[in-house]
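Values quoted throughout were computed directly from the atomic coordinates according to the rules given, and no laboratory measurement underlies them. All of these numbers come straight from a predicted model, not from anything done at the bench. Note: ideal-geometry Cβ built from the backbone for every residue, glycine included; neighbour counts use all protein chains shown.
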Amino acid sequence: MREIVTFDAYGTLVDFRLNAPTEELLRDRIAEVGVDTQEFLSTFNVMRFQAVLEDYRPYDEVLRSSMEKAMRRHGLRYQDSDGDAIVAQIPTFGPFPEVPDALRRLKSRYEIAIISNTQDHLIKKNIELIGVEFDHVITAEQARAYKPDRQTFEYAYKTMDIDPAQVVHVAQGWEYDIIPAGDLGLKRVVWINRNGLPGSPAYQYDELSDMTELPELLGC
């Protein structure tokens, strides 16, 4: 029987360091207005989550519009070049240090796949930087929906021609992945809790601080 391990990409496999370039880009304007930097970055994060709950639009548009809304909320001047600069950062992000080895070990037993809230052209370079070949790469662009929408996951399982009961899903995003995974009938869910966030007994999952011990957990 086929078994597939699916992964969220950004924040799970890929070190999604969006805060640093955002802060660097806006440092002078943040200082000019006197905005608390962490408060602004938190707003930007919330705006991105709210945007993916709306009707589908490409991820680069999600980033641009979320950034503009966050900046306007805090009284910062927005320029089109700001959104362009942030979008351009996405393909430059590489993997967390332990990820390539963990993936290579998992490939000895499982098919491995990505289910990511992104566009095909944006994630292509991230995958090249990981340096491990995936059996399937499913994006929101293909599904025309973003996680946590159930449509994203159902599109992925249909595309991979796999029953959810044969799938182990691995992710760091609590709202994007772990909560919706509880209703999908998956074989197993693994939360990569890199930031030490509180979980909930309302959901069934294994918890790891990174992917170092994932192959052993899954029998590799």
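Inter-part distance, the range 99-171 to the range 10-60, computed on C-alpha centroids, equals 24 Å.
Just want to confirm a number: the relative contact order over the range 19-91, from Cα pairs under 8 angstrom separated by 6+ residues, in percent.
On the way: 49 pairs, mean separation 25.4, N = 73.
Normalised by residue count, the contact order of the range 19-91 is 35 percent.
With the biggest extent put first, the Cα atoms of the chain measure 59, 36, 33 Å across the principal axes. Stretched out straight at 0.36 nm per residue, the stretch from Thr37 to Gln166 would grow longer than its current Cα-Cα span by 42.1 nm. In this structure the amide hydrogen of Thr118, modeled in the peptide plane, comes within under 5 Å of the amide hydrogens of Ala140, Glu141, none closer than 5 places in sequence on its chain. The value of relative contact order for the chain, using C-alpha pairs under 8 Å at least six residues apart, is 25 percent.
Relative contact order, whole percent, for the range 1-131 stands at 41, derived from Cα pairs under 8 Å and 6 or more residues apart. Dipole of the chain computed with +1 at Lys/Arg Cβ and -1 at Asp/Glu Cβ about the Cα centre; of Ile127, Asn195, Phe93, farthest Cα towards the positive end is Ile127. Every Cα-Cα pair in the range 104-198 was counted, and those over 19 Å apart are 42% of them.
Normalised by the empirical 2.2 N^0.38 Å for globular proteins, what value does the Cα Rg of the range 19-91 take? Could the numbers behind the result be given before it?
Numbers: Rg = 11.6 Å, N = 73, 2.2 N^0.38 = 11.2 Å.
It is 1.03.
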